[in-house]
1. Return the tail of the calculated pair distribution for region 161-243, meaning the percent of Cα-Cα pairs more than 19 Å apart.
2. Per residue, how much space in cubic angstrom lies within the convex hull of the C-alpha atoms of region 103-243?
3. Please list, in chain and number order, the residues 5+ apart from residue 202 or on another chain whose amide H is under 5 Å from its amide H, with Hs placed from the backbone.
4. For region 129-141, in order, what is each residue's ³J(HN,Hα) by Karplus, 6.51 cos²θ - 1.76 cosθ + 1.60 with θ = phi - 60°, in whole Hz (x at glycine and Pro)?
5. According to the Cα gyration tensor, what semi-axes, each the square root of 5 times an eigenvalue, does the equivalent ellipsoid of region 105-182 have, listed from largest to smallest in whole Å?
6. List, in order, the whole-Hz ³J(HN,Hα) value for each residue of region 66-81 obtained from phi through the Karplus relation with A = 6.51, B = -1.76, C = 1.60 and θ = phi - 60°; use x for Gly and Pro.
7. Taking a quarter of the surface of the convex hull around the Cα atoms of region 1-50, what do you get in nm²?
8. Solvent-accessible area per residue for region 1-68 at a 1.4 Å probe radius, Å²?
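The values are calculated or read from the model by the stated rules, or taken from the named source; none is laboratory data. Small disclaimer: the values here were computed from a predicted structure and weren't measured. Here the Cβ is made from the backbone with ideal geometry for all residues, glycine too, and neighbour counts use every protein chain on show. Each accessible area value is taken on the protein alone, full model and side chains, heavy atoms only, with ligands, DNA and RNA left out. Shrake-Rupley method; radii C 1.70, N 1.55, O 1.52, S 1.80 Å.
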Amino acid sequence: MRTLVIGDIHGGLKGLVQLLERAGMTASDNLIFLGDYVDGWSESAQVISYLIELSKTNSCVFIKGNHDYWCEDWLASGIESEIWLEHGGLGAIESYKGYTKAEKSKHIDFFETMEPYYIDSENRLFIHAGFTSIHGVEREIDRRSFYFDRTLWEMALTADKRLKKDASSYPKRLKQYSEIYIGHTPTINYNQDQPMNALNVWNIDTGAAFTGALSAIDLRTKAVFQSDKLIDLYPNEQGRNRK
């Protein structure tokens, strides 16, 4: 039995299916998704439908990302926020054409069950973006940090790689957990097409929304699995590369 941690999907159902096939997923595998299932490629609604069915055969944890927060709000209210449209929301809206009110309601229920974060039995934290409290996620004042914070990743990246966890200068935020797994900030921003590790933080978002692949990592072995680049799987689309 494995646990696979999966990065940001952004409406790329073809990439998700290919990734799970390449990982050799079986019903005995646990799956932890780090959020941002929608916005970008043309199959946002279809990704949600697929994940709902997947949760019936596999043990799954679904973390909520900022794009999921925006999409859920639109499904519930019908209001298209400007910031959402600027960051790929149009692709999600178009993907829901033909979906019935009952089907949309089922998706709203699914969004509502998503977790803001997950901490496993070995004190590993799984969260979409980050958090700011030095005492950990449970004492975070502004829960929007779970969806939008980039300072945790930036701090881990810029810290001295020689730091030991018991050093007084080791970031207190990071000491709260044995490992931290995030998405939200594409590794291709740093010219890396693989998941990145800095101190005890693992970033699994390899830029599937843009020009990268969709990635998963085996929690125990740290083996990496990847789809093709989604821009190649959707050759007639731009994803979030639209100007």
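1. Value for region 161-243 (Cα pairs over 19 Å): 47 percent.
2. Output value, Cα hull per residue: 156 Å³.
3. The list, which skips near neighbours in sequence, is 180, 181, 182.
4. 10, x, 7, 10, 6, 5, 9, x, 5, 6, 10, 5, 7
5. Rounded to whole Å, the semi-axes are 27, 13, 11.
6. 3J(HN,Hα) across region 66-81, in whole Hz: 5, 5, 5, 4, 5, 5, 4, 4, 5, 4, 7, 10, x, 8, 9, 6.
7. 3.2
8. With all protein chains present, region 1-68 gives 29 Å² per residue.
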